[in-house]
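Following: one structure in structure tokens, then a few remarks.
Values in this text are rule-based calculations from the coordinates and carry no lab data. As the structure is a computational prediction, the values presented were derived from the model and not from experiment. No Cβ is skipped: glycine too gets one built from the backbone with ideal geometry, and neighbour counts run over all protein chains shown.
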Amino acid sequence: MSTPLKVKRRRRSLRSRGPGAHILAFALVILWGFPTYWMLNSAFKTPDKLTSVEPAFFPTPVSIDAFVRAFTKPGFLTSLGNSLLIAAIVVIASIGVGFLATAALTRFRFFGRKAILVTILAIQMIPSIALLIPLFLTFRDANMLNTYWALVLAYLASALPFSIWVLRGFFQSIPEEIDEAARLDGAGDMRVLWSIYFPLVLPGLISTAVFTFIEAWNDYIMAYILLQEQAKYTLPVWLVSFNQDTGIDYGGLIAASVLFSIPVVVFFLVVQRNLVAGMSGGAVKG
């Protein structure tokens, strides 16, 4: 059965669920969406309304002072640039390395292939926090602490096992007859990789790119440990600067969190159509 047909049948099956499923789905949307709404609501409140014990479900009066404080706070644009630069490098590198590694592990036969796959799966099962101290010691010995490359390599090591296992399903769904036909027509390895594999696994690449971007964008602990210079901080680390000796600027912190979330939302909206297709395709392949 072809993959598009499987996806269509799964979608038709979901649509045929009764009202209970729709009520449950609506309740879950409310449950997950309310914190986001409350964050936006709080960001537009005045300081006295924000700290009031009586909950206010609408910001009256509407104030943008918190956004002004967040945007004009020293280090915002620098940290934003650092986050964008690191996330972009990690996404591009994970796509390139993950694509080539998965192609080698699924389309070529060589000694130790299965052992490598099992090792990648085992590494994926290790919590990233457990690797924090070994990574710190490794980068310290390599004189790479307080550099962007240390953070890029740490994120890349964390994202690659997931990328490879997601892309593996897409590569396995490509019939070997397509390879053979292309090679009979004189196509080399690079031509097969670029003209055959890449378009067919593109939804999977987009899916892994989204998850990699979110992981690199949201991380706090790895950036805080590996980056020791304030000018190199990423946005999650910069957010801590709202906690000062005079107290916590809750309004500025929430407004900064809204600004911090915008690039992820925009990136998701741009690729969400291909992301859903990639996740659905990966779920039925293998």
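Residues in region 79-127 that are among the aromatic types (Phe, Trp, Tyr) and closer than 15 Å to Ala209 by Cα: Phe99 only.
Only one residue in Ala216, Ala209 is in contact with a Phe, Trp or Tyr (Cβ under 7 Å, 6 or more places away or on another chain) and over 30 Å from Leu50 (Cβ atoms), so which one is that?
Details: Ala209 fails: in contact with a Phe, Trp or Tyr (Cβ under 7 Å, 6 or more places away or on another chain).
Every option except Ala216 fails the conditions.
Residue pairs whose Cβ atoms lie under 7 Å apart, sitting 6 or more positions apart in sequence or on different chains, and linking a residue in region 25-51 that is part of a helix (DSSP H, G or I) to a partner that is β-branched (Val, Ile, Thr), are Met39/Ile254; Met39/Val258; Leu40/Val258; Ser42/Ile254; Ala43/Ile254; Ala43/Val258.
Asn146 fulfils the conditions (1) more than 24 Å from the chain's Cα centre (by Cα); (2) in contact (Cβ under 8 Å) with a residue 12 or more places away in the chain; (3) not in a helix (DSSP H, G or I) except for a single criterion, (1).
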